[in-house]
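Participant: Please find one structure pasted underneath; my questions will follow.
No lab work stands behind these numbers, since they all come straight from the coordinates. Remember, predicted model here, so these are calculated numbers, not experimental data. Every residue, glycine among them, receives a Cβ derived from its backbone with ideal geometry; neighbour counts consider all protein chains shown.
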Protein chains: 2
Amino acid sequence: MQDLKQYIEDNKQRFLDELFELIRIPSISSKPEHKDDMYRCAEMWKKLLLEGGADKAVIMETEGNPVVYGEKILDASYPTVLVYAHYDVQPAEPLELWTTPPFEPEVRDGKIYARGADDDKGQGFMHTKAFEYLVKTDQLKCNVKFLIEGEEEVGSPSLPKFCEENKELLKSDVILVSDTGMIAPDVPTITTGLRGLCYWEVEVTGPNRDLHSGLFGGAVANPINVLAKMITQMVDENGHITVPGFYDDVVEISDGERAMMAKAPYSEDAYKKALDVEELAGEKGFTTNERTGIRPSFDICGIWGGYTGDGAKTVLPSKAYAKISSRLVPDQDHEKIAELFCKHFESIAPKSVKVNIRHLHGGQAYGCPIDLPAYKAAEKACEEVYGERPVPVRSGGSIPIISDFERILGVKSVLMGFGLEADAIHSPNENFPLEQFFNGINTIPYFYKYFAESGK
Amino acid sequence: MQDLKQYIEDNKQRFLDELFELIRIPSISSKPEHKDDMYRCAEMWKKLLLEGGADKAVIMETEGNPVVYGEKILDASYPTVLVYAHYDVQPAEPLELWTTPPFEPEVRDGKIYARGADDDKGQGFMHTKAFEYLVKTDQLKCNVKFLIEGEEEVGSPSLPKFCEENKELLKSDVILVSDTGMIAPDVPTITTGLRGLCYWEVEVTGPNRDLHSGLFGGAVANPINVLAKMITQMVDENGHITVPGFYDDVVEISDGERAMMAKAPYSEDAYKKALDVEELAGEKGFTTNERTGIRPSFDICGIWGGYTGDGAKTVLPSKAYAKISSRLVPDQDHEKIAELFCKHFESIAPKSVKVNIRHLHGGQAYGCPIDLPAYKAAEKACEEVYGERPVPVRSGGSIPIISDFERILGVKSVLMGFGLEADAIHSPNENFPLEQFFNGINTIPYFYKYFAESGK
């Protein structure tokens, strides 16, 4: 593949132009008003796949946003790789914190700034270009299938059913995904674990209307005070989640594996400095990497209630709300945890309020063995470009569909991602360094080469 | 005053038309964008006073919203009554819960529905009509001054200075105020106590940007979780506020007075049913009326942070905010309490976050002795119209300026209010029953009569 670097060099501007066109479509899956944008984005992906060399590419309906499926089947004897990516993105709020508008991509200081620049338009797009290179230069020795969905950021609610109904179509030997990150620009990384997720919205109702805080304050339970207390009770002084049974199925990691994990480059000072916090906080007895990699977490993603405008309004509100998420680890079952949470949260509510819980979504945690042939192929591909063996890491993030793929399709996924922590995915000023972007396109073709050579 | 009832009957529609014109001006003092409405509302008040028979009425600038001052000075030997009211109103949010728009008054089922219908446009307006009657029928035997301000709902920040600078102009024997309520439509009530108030906005900052809750969750302090815990720590299991020194100056009420208070009509079942709560909550060892009347309270009036839109966004936010208020009782000093609160709140913040506290406003509590001549005059006026002696009650609400009047002008206030609990002041669908409105206009002239007869 001596011509690969030159191919990328020759097509740089076109690659960026195409990616920017994709980014400009505000395909925010959590907002119903963007429904049309989801279809526009799917159409663009279909076009990219066909132009890249797919034999066919189609937009397939699901119960939610459509899926784009594409394929190039060369030979029944070749191994088959299913590339998974998602075309939807997170909401861009708070908008006022973006330096440039989230859906008008711009390159500054060697980085692409935009919502989706990394997650997952930028990373997904790399695969179409690596594929294009292999097809055009006749070096592809795998069958390739593409599955591009539009609901990853809301927990892929429709994709499991789609997979159930299309098992034959999606049949493959491995699933290849770039939706994760690297420890540092010079430290290639393959993600071997993902946390699962539960996400709820809770509503706490006190009095049946907003009350005057003077006339009633002190005698009627304030739902904000109560919600704050309930949230506080969910985690104890040691950072343990107090839901009974919560840790029952958590896989305890051996001291040996914890020692290996501890070898990953990490500077607590740099970490704190990057976040501008004086102290870190988390479960007692675990390091930062362990807290995000092998232990569950409990975060309030949003909270609101009462008067939130300018100035002072003296109100004892009727309602308070919170969006609550818990990250899970192998082998916690997200449905079981969701049930345990609801039961416990309701049980700690005082009689002075009513509680209503909506379970918004969930997903299982995932683990990938490092002796898998596809893992080895990814390892070699990274070595080819970066000159060193990639580090296997357990990520704190969740891609719920990855464990669903295993359950439904019976196929493992290899998570070879090129994002960086500083990419600020899900945050204002999301970005993706050009170097990561082009290195990704440079690495992926080697995966196909070594995976084909492994004979699966 | 045999013709008083007839006078009200003959002018009913005009009274309502004039009040509605006043209500239609959205004079929301906490929102800077309503600055012009404050002046429009002041102009309307000036017109009402002049039409009612004032010798002069002027709009006077303050450091904030203007004050309307009017007077009718008849005879130096007459006692002088200063009528205080406010022309500003609370914000109307949440707008979607109003049956009819808040600034388009409508009479339904015998009640005026609008923001300010009671608090304090409806109640303040009654005084202009009682005054008008006395002037037109030549029965006024007091000098009358009017002081109508536009910042009561934000804590009257400019009025103390205005009073300091206009002591001679505002000189009077008593201040008469209708900005409080009655226990029931057939139970005349004079408010003898008001709670003081402290109001803060707190900002808790965790990481310097919103983070991905998967990649960081469990290792970095979430400012919403932390804020919830800090709020929870402010009140203990017995409903006691935990700020050191908070109760040091609280006047303990004698068992005898508590027994008298307990005679006020109150049904816990009816109270709970009206609010649709299964249980009440508050400080251990005190009844509902005591909890709101003679004990301080701690309420979160608003809270916000993170993602609050539709659906699920998995974010570990950078910031969380709360609007916090505490009602105070005699003899707590609001400035001292504000200091104690800040010190304590900062002291319980973990090092993983930064805390910023803005002290938005405050006011002292107030008490009125029931042997004051003006109190006796109000008592007799109520007896004249309602046929029974009014109940003296301590209200849980705050009118911070009332204690400032005493401090600066050296004059006590008599709080003869006609609102009802069901009027939903500060809430959606604020209303004022026509019966209360007309009874108020019917009662006030007798106050002047008996106060003049008392020779002060």
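Participant: In whole Hz, with x marking every Gly and Pro, tabulate ³J(HN,Hα) for the range B:135-144 from phi via Karplus 6.51 cos²θ - 1.76 cosθ + 1.60, θ = phi - 60°.
Facilitator: Residue by residue, the range B:135-144 yields 5, 5, 9, 6, 10, 7, 10, 10, 7, 10 Hz.
Participant: Tell me, what is the FRET efficiency for A:Lys284 and A:Lys31 to the nearest 0.05, using R0 = 30 angstrom and their Cβ-Cβ distance as r?
Facilitator: Here the calculated transfer efficiency is 0.15.
Participant: Identify, among B:Ile401, B:Val235, B:Ala42, the residue whose Cα sits farthest towards the positive end of the charge dipole of the protein assembly as shown, taking +1 on the Cβ of Lys and Arg and -1 on the Cβ of Asp and Glu, with the dipole about the Cα centre.
Facilitator: B:Val235
Participant: Another question about this same structure. Which net charge results when you count Lys and Arg as +1 and Asp and Glu as -1 among the other residues whose beta-carbon is under 9 Å from that of A:Ser27?
Facilitator: 0
Participant: While we're on this one: Once R0 is set to 41 Å, what does the formula 1/(1 + (r/R0)^6) return for the Cβ-Cβ distance between A:Val107 and A:Glu453, expressed as a FRET efficiency to the nearest 0.05?
Facilitator: 0.70
Participant: At 0.36 nm per residue, and after removing the present C-alpha to C-alpha distance, how many nm does the segment from A:Leu74 to A:Glu346 gain when stretched out fully?
Facilitator: Between A:Leu74 and A:Glu346, full extension yields an extra 92.3 nm.
Participant: Something else about it: Over chain A, what is the relative contact order in percent, taking alpha-carbon pairs closer than 8 angstrom and at least six residues apart?
Facilitator: About 25 percent, as a whole number.
Participant: Moving on to the next point. The range A:307-351: which trypsin sites (Lys or Arg not before Pro) are DSSP loop and have at most 16 other beta-carbon atoms within 10 angstrom?
Facilitator: Listed in order of number, the matching sites are A:Lys351.
Participant: Taking amide hydrogens as modeled 1.01 Å from N in the peptide plane, which residues meet the under 5 Å criterion relative to A:Leu360, leaving out close sequence neighbours?
Facilitator: Amide H neighbours of A:Leu360, under 5 Å, 5+ apart: A:Tyr199, A:Trp200, A:Glu201.
Participant: Are there chymotrypsin sites (Phe, Trp or Tyr not before Pro) in the range A:236-277 that DSSP marks as loop and that have at most 16 other Cβ atoms within 10 Å, and which are they?
Facilitator: Counting only loop positions with at most 16 other Cβ atoms within 10 Å, the chymotrypsin sites (Phe, Trp or Tyr not before Pro) in the range A:236-277 are A:Tyr247, A:Tyr266.
Participant: Between A:Asp186 and A:Tyr266, what length in nm is gained on full extension when 0.36 nm per residue of separation is reduced by their alpha carbon distance?
Facilitator: 27.4 nm is the gain from fully extending A:Asp186 to A:Tyr266.
Participant: Let me ask you something else. Relative to the longest principal Cα axis of chain B, at what angle does helix B:434-453 sit, 0 to 90 degrees, rounded to 10?
Facilitator: 60 degrees
Participant: Between B:Glu421 and B:Thr137, what is 0.36 nm times their sequence separation minus the Cα-Cα distance? Round to one decimal in nm.
Facilitator: 98.8 nm
Participant: Determine the calculated [θ] at 222 nm for chain B from helices alone, applying -39500 (n - 2.57) to every DSSP H run no shorter than 4 residues and normalising by the residue count; nearest 500 deg cm²/dmol.
Facilitator: When only DSSP H runs of four or more count, the value is -10500 deg cm²/dmol.
Participant: Charges at C-beta only: +1 for Lys and Arg, -1 for Asp and Glu. How large is the resulting dipole of the range A:330-456 about its Cα centre, in Debye rounded to 20?
Facilitator: Dipole size: approximately 500 debye.
Participant: Please enumerate, by chain and number, the aspartates and glutamates with C-alpha under 20 Å from the C-alpha of A:Lys284, excluding those fewer than 8 residues away in the same chain.
Facilitator: A:Asp236, A:Glu237, A:Asp248, A:Asp249, A:Glu252, A:Asp255, A:Glu257, A:Glu268, A:Asp269, A:Asp299
Participant: What does the net charge come to around A:Arg14 if you take all other residues with beta carbon closer than 15 Å to its beta carbon, with K and R at +1 and D and E at -1?
Facilitator: -3
Participant: A further question on this structure: Which aspartates and glutamates does B:Lys111 reach when only Cα atoms under 13 Å apart count, and residues fewer than 8 places away in its own chain are ignored?
Facilitator: B:Asp423, B:Glu430, B:Glu435
Participant: Exactly which chymotrypsin sites (Phe, Trp or Tyr not before Pro) in the range B:156-232 are in a DSSP loop and have at most 10 other Cβ atoms within 10 Å?
Facilitator: Hits after loop and neighbour filter: nothing returned.
Participant: Okay, moving on. Give me the dipole magnitude in Debye, nearest 20, for the range A:269-371 about the Cα centre, with unit charges on the beta carbon: positive for Lys and Arg, negative for Asp and Glu.
Facilitator: About 600 debye.
Participant: Here is a follow-up. By its C-alpha gyration tensor, with a ≥ b ≥ c as the square roots of the eigenvalues, how is chain A shaped: rounded for a/c under 1.5, else prolate for a/b larger than b/c, else oblate?
Facilitator: Prolate, since a/c reaches 1.5 and a/b exceeds b/c.
Participant: Next question, about the same structure. Whose amide H sits under 5 Å from the amide H of B:Val235, counting only residues 5 or more places off or on another chain, with H placed in the peptide plane?
Facilitator: Amide H neighbours of B:Val235: B:Thr242.
Participant: Still on this structure, I have one more. Which ³J(HN,Hα) values, rounded to whole Hz and listed in residue order, are derived for the range A:78-88 from phi using the Karplus coefficients 6.51, -1.76 and 1.60 in 6.51 cos²θ - 1.76 cosθ + 1.60 with θ = phi - 60°, glycine and proline given as x?
Facilitator: Residue by residue, the range A:78-88 yields 6, x, 10, 10, 9, 8, 10, 8, 10, 9, 8 Hz.
Participant: Follow-up question, since we're still on this one. Nearest 0.05, what FRET efficiency do B:Glu252 and B:Arg407 give at R0 = 22 Å with Cβ-Cβ as r?
Facilitator: 0.45
Participant: Now for a different question. What whole-number volume per residue, in cubic angstrom, does the convex hull of the C-alpha atoms of the range A:51-201 give?
Facilitator: Roughly 168 Å³ of hull volume per residue.
Participant: Can I ask one more? Could you tell me which of A:Val353, A:Ser413, A:Tyr386 has its Cα farthest along the dipole of chain A towards the positive end, charges placed at Cβ (Lys, Arg +1; Asp, Glu -1), taken about the Cα centre?
Facilitator: Projecting each Cα onto the dipole axis, the largest value belongs to A:Val353.
Participant: Using the Cα centre as the reference, give the magnitude of the dipole from point charges on the C-beta atoms of the range A:149-209 (Lys, Arg: +1; Asp, Glu: -1; all else neutral), rounded to the nearest 20 debye.
Facilitator: 220 debye
Participant: With a ≥ b ≥ c taken as the square roots of the eigenvalues of the C-alpha gyration tensor of the range A:236-339, please select rounded if a/c is under 1.5 and otherwise prolate if a/b is larger than b/c or oblate if it is not?
Facilitator: Oblate.
Participant: Step through the table entries A:Lys161/A:Lys449; A:Lys229/A:Lys319; A:Lys46/A:Lys121; B:Lys129/B:Lys449; B:Lys31/B:Lys272; A:Lys273/A:Lys323, compare each Cα-Cα distance with 22 Å, and write down the pairs that go over it.
Facilitator: Checking Cα-Cα distances, A:Lys161/A:Lys449; B:Lys31/B:Lys272; A:Lys273/A:Lys323 exceed 22 Å.
Participant: Would you mind giving the mean number of other chain beta-carbons within 10 Å of the Cβ of each residue in A:270-277, as a whole number?
Facilitator: The shielding value for this peptide is 5.
Participant: Using the charge dipole of the range B:111-241 (Lys, Arg: +1 at Cβ; Asp, Glu: -1 at Cβ; taken about the Cα centre), state which of B:Leu215, B:His127, B:Gly116 has its Cα farthest towards the positive end.
Facilitator: Result: B:His127.
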